[in-house]
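Undergrad: What follows is a single structure, and I will ask about it in a moment.
The values are calculated or read from the model by the stated rules, or taken from the named source; none is laboratory data. Since the structure is predicted, the reported quantities are computational estimates derived from the model, not experimental observations. So basically every Cβ, Gly included, is an ideal-geometry build from the backbone, and we count neighbours across all protein chains shown. The protein model used for the area step is the full one, side chains on, heavy atoms only, and it has no ligands, DNA or RNA in it. Shrake-Rupley method; radii C 1.70, N 1.55, O 1.52, S 1.80 Å.
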Amino acid sequence: MRSTNREDFQTVPRPIGAMAKDFPDGFFIGPHAHPRHQLIHASSGVMRISTPQGAFVVPPHRAVWVPADVVHDVRMAGAVAMRTLYIACDAVAAPPQECCVVAVSPLLRELILRASAMPLLYDQTGAEGHVMALILDELRVLPVLPLNLPMPRDARLLKICSAILDDPANPLTLPGWGRRVGASSRTLARSFQRETGLTFGRWRQQARLLEALSRLAQRQDVTTIALDLGYDSPSAFTSMFRRALGRTPSTYFLNTSLHAASS
């Protein structure tokens, strides 16, 4: 039986260790770090990865790149079939230096699933070694996607952001938040842009988008999600979602093998 202990994959004398592990809805993996780079992928379900710098949502046809030694935690939305790669630091030239969400091509997805079924000490000179070499080739050209939510360090902004994450439908405007945290809206607007690279409005929209992805993975109704996230109508929510991700909420998870048993 293959190991599901992540520590077993950190020192294996191979460029990649591929681990398959399933988790129930809501399962939380507390803050930790690895000496290897990690590509966190789910063949079903959605994961939210958080670091001190921001939060990242991973639908089934996406993955999060986590550089070595970066502290992160993982929360499951829906039943998750995690298929993760632990990659030796010298195996990939010029890897991303920060966490990011990347697209997983159909080819890479199948390679990850194949690698996850291989022995930990796979034969590097045979077909298994070729699979891992092809994975490394695919990793060099992964497209980075805007499914992250940068977190500020300023205490006033952090208070605002935490409140929005707790209640994404909160309609309070920036002047209203300013009165709560003791700062002018102009000061908060400048600080948001400087610390997150986003305006307040764009940051709140991104927070709602990532929450929507988690809820969609749990098969919640689009109308319910739209109203819960503060949109006036499902059509307004759908328009935002399509602009951001290129697909409607109702079709986003189609053909992504959301359920591991049928993949």
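Undergrad: Using only the Cα atoms, work out Rg/Rh for the stretch 130-263, with Rh taken as the Kirkwood radius, to two decimals.
TA: Expressed as Rg/Rh, it is 1.06.
Undergrad: Return the single residue from 228, 22, 90 with maximal mean-square fluctuation; model: Gaussian network over the chain, springs between Cα atoms under 10 Å.
TA: 90
Undergrad: Note down the net charge around residue 9, summing +1 for each Lys or Arg and -1 for each Asp or Glu among other residues with Cβ under 12 Å from its Cβ.
TA: Overall, the nearby charge balance is +3.
Undergrad: Now for a different question. Just to be sure I understand: with springs between alpha-carbon atoms less than 10 Å apart, which residue in 223, 238, 125 has the highest mean-square fluctuation in the Gaussian network model of the chain?
TA: Among 223, 238, 125, the largest GNM mean-square fluctuation belongs to 125.
Undergrad: Mind jotting down a quarter of the surface of the convex hull over the alpha carbons of the stretch 70-202, in square nanometres, one decimal?
TA: Computing the convex hull of the Cα atoms and averaging its projections yields 10.8 nm².
Undergrad: For an R0 of 45 angstrom, estimate the FRET efficiency from the Cβ-Cβ distance between residue 127 and residue 163 and round to the nearest 0.05.
TA: Rounded to the nearest 0.05, the efficiency is 0.30.
Undergrad: What residue among 25, 232, 73 shows peak mean-square fluctuation when the chain is described by a Gaussian network model with Cα springs under 10 Å?
TA: Judging by the Gaussian network model, the answer is 232.
Undergrad: Could I ask something else about it? Would you mind counting up the charge near residue 214? Only other residues with Cβ under 12 Å from its Cβ, with Lys and Arg at +1 and Asp and Glu at -1.
TA: Its environment carries a net charge of +2.
Undergrad: A follow-up question, please. Summing -39500 (n - 2.57) over the DSSP H runs of n ≥ 4 in the chain and dividing by its residue number, what mean residue ellipticity at 222 nm do you reach, to the nearest 500 deg cm²/dmol?
TA: When only DSSP H runs of four or more count, the value is -11000 deg cm²/dmol.
Undergrad: Helix 127-139 against the longest principal axis of the chain: what's the angle in degrees, Cα atoms only, rounded to the nearest 10?
TA: Once rounded, one gets 30 degrees.
Undergrad: Between the helical axis of 155-166 and the dominant principal axis of the chain, each derived from Cα atoms, what acute angle in degrees is found, rounded to the nearest 10?
TA: Around 80 degrees separate the two axes.
Undergrad: May I pose another question? What are the ³J(HN,Hα) couplings of the stretch 77-90, residue after residue, when phi is run through the Karplus curve with 6.51, -1.76, 1.60 and θ = phi - 60°? Round to Hz, x for glycine and proline.
TA: 10, x, 5, 10, 9, 7, 10, 10, 10, 9, 10, 4, 4, 9
Undergrad: Kindly provide the trypsin sites (Lys or Arg not before Pro) of the stretch 96-186 that DSSP labels as loop, not H, G, I, E or B, and whose Cβ sees at most 12 other Cβ atoms within 10 Å.
TA: 140, 153
Undergrad: Here's a follow-up. For the stretch 1-147, what size does the Cα cloud have along each of its three principal axes, sorted from largest down, in whole Å?
TA: Taking the Cα atoms of the stretch 1-147, the three principal extents are 39, 34, 28 Å.
Undergrad: Add +1 for every Lys or Arg and -1 for every Asp or Glu among the other residues with Cβ under 14 Å from the Cβ of residue 226, and state the total.
TA: Net charge around residue 226: -1.
Undergrad: Working from Cα positions, state the angle (0 to 90°, nearest 10) between the long axis of helix 200-217 and the longest principal axis of the chain.
TA: Taking Cα atoms only, the helix is inclined about 50 degrees.
Undergrad: How large is the Kirkwood hydrodynamic radius of the stretch 132-204, counting all unique pairs of alpha carbons, in Å?
TA: 13.9
Undergrad: Please compute the Kirkwood hydrodynamic radius over the stretch 17-83, one decimal place, Å, based on all pairs of different Cα atoms.
TA: So the Kirkwood estimate lands at 11.8 Å.
Undergrad: How large a share of the accessible area of the stretch 81-226, in percent, is made up of carbon and sulfur atoms when the probe is 1.4 Å and the other protein chains stay in place?
TA: 53
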